[in-house]
1. Mind checking the dipole of the range 42-139: about its Cα centre, +1 per Lys or Arg Cβ, -1 per Asp or Glu Cβ, Debye to the nearest 20?
2. Can you tell me which of 143-155, 210-222, 335-347, 298-310 comes out highest on packing, and rank the rest after it, using the mean Cβ neighbours within 10 Å?
3. Counting Lys and Arg as +1 and Asp and Glu as -1, each charge on the Cβ, what is the dipole of the range 101-244 about the Cα centre in debye, to the nearest 20?
4. What is the distance, in nm, between label points placed 7 Å from the Cα along the Cα-to-Cβ direction at Glu92 and at Thr21?
5. If you filter the range 23-100 for GluC sites (Glu not before Pro), then keep DSSP loop positions with at most 11 other Cβ within 10 Å, what is left?
6. Taking the Cβ of each residue in Tyr184, Tyr369 as the centre, tally the other Cβ atoms inside 10 Å and list the residues starting with the fewest.
7. For labels at Arg85 and Arg226 in the simple 7 Å Cα→Cβ model, what's the distance in nm?
8. Just to be sure I understand: if I project the alpha-carbon convex hull of the chain onto a plane and average over all orientations, what area do I get in nm²?
Amino acid sequence: MKEISTITKVDYCAGGESYVTPGGTTVRLHPVEVEDKFATDPIEADRITRAVEELSEQGFFGDPRIDLERKRTRRDIRLDNPSTRSMMEIIEGFASWHREIPEAKALEHIYHPDEGHLPDGTRLGEEAEATNWLTYISDALGIRSRASVVQDIISKEIEASESPLKVASLACGLATPMLELCSYVKNREGLVVPEFKLADYDKSALNVARDRAKEMGVIEHFEFQRTNILRPEGIAIDGLKGVLAERLFNKPKRQFDVVELVGILEYLDSSDWVRHFEYGEVIKVNKLIAGATNLIKNSFDLVEPGGRIIFGNMLNPRPQLGLTINVVQWPHIKPRSIKEVLQLLEASKIDLSEGVDVHLPDDGVYAIYSVRKPEAYTQWVA
Ligand SMILES: C[S@@+](CC[C@H](N)C(=O)[O-])C[C@H]1O[C@@H](n2cnc3c(N)ncnc32)[C@H](O)[C@@H]1O
């Protein structure tokens, strides 16, 4: 077992299969053995798993079916749903954490379930029931393992490079995986620390990431960009300057060795869609938003030849989905099978001639996909 990640240890098992899709794409499956840093007590794991099963059986107002089509928005979270209420009663502080969903700060307690406080002041740590749940539920295991796999893939690229890699993290949130990766690399002799660009629409998440980069002594390796990565026409990673350069001087957008966008695809429809925004009689806007297919293409446009994109999607099927959908009511998520994601990739029309690597942590919650752009890639962005 090689300790790569600061969060969770991962180990690539031998014997992953390869196959070719009907569309002609080579797919390499990589089973990943995960040794979670926090989930170390099998008795506690069993206790939480049984409690999760009981809540899932209560479902959504008594209906335990996992109806992925049920449309729920943030406002639709039904706090009077009996299984959600039960969960709030069992876990001190859970109600306050639940209010942070689906913002990036809700993830922070999953990355570090034994530290700090929930928003209502409930202290996390050995005695806290919230810590036990944030440690052992499948979603928590999956969020930590997907971060570890991303860190691992990028750290292998860093090991293979003699100059600083350019790494973009899109929809970075509080950027815990990238901050911890940077700190890890900085403390390893012989590795060149990358230049990271963190991009998110949420200003407060970027501010927290900036403060943490300062605290961790890695700020000089980070740039921050507030931007909407869901513009259908492309990602303005360099803000207005970048957009003008692309439009006026036909400068290619590609500029990164690695673009990771883990944690966003499972919120997006496959195709672009129109988001309606209305503010009284004053503003009425119908804004086109990139769907998963277009976001994959736009992210791939940012990658240099020889570089790669990395993204994840919650799997379907996966363990404890009933808890996520019916009890926690995490909104909007679209779990996808590997086959569905491969269809998205093929529909995005990016160059898949190097094949697709699919990393499958053994908790079974997410698949993490990685696609390298061929060195000989010559297609210029229009
Ligand atoms: C689930 S968090 C993922 C955080 C991080 N990548 C991780 O894995 O820890 C999703 C992030 O997507 C960001 N986001 C949502 N829509 C966005 C948009 N249109 N442009 C940029 N960021 C966006 C949110 O602000 C949030 O920080």
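1. Working: 13 positive and 22 negative charges, 117 e Å.
With Lys and Arg at +1 and Asp and Glu at -1, about 560 debye.
2. Working: 143-155: 25.6, 210-222: 15.8, 335-347: 18.5, 298-310: 22.0.
Packing order, densest peptide first, comes out as 143-155, 298-310, 335-347, 210-222.
3. Details: 16 positive and 24 negative charges, 105 e Å.
Dipole of the range 101-244, to the nearest 20 debye: 500 debye.
4. It is 4.9 nm.
5. Working: sites: Glu33, Glu35, Glu44, Glu53, Glu54, Glu57, Glu69, Glu89, Glu92, Glu100; in loops: Glu69, Glu92, Glu100.
When the GluC sites (Glu not before Pro) of the range 23-100 are filtered for loop state and at most 11 Cβ neighbours within 10 Å, Glu69 remain.
6. Values: Tyr184 20, Tyr369 23.
If I rank by nearby Cβ atoms, fewest first, I get Tyr184, Tyr369.
7. So the two model labels end up 4.0 nm from each other.
8. Details: hull surface 81.5 nm².
Mean projected area for the chain: 20.4 nm², to one decimal.
Every number here is computed from the coordinates shown, using simple stated rules; none is lab data. Note that the structure is predicted; figures quoted are calculated from it, not measured. Backbone-built Cβ (ideal geometry, glycine too); neighbour counts: all protein chains shown.
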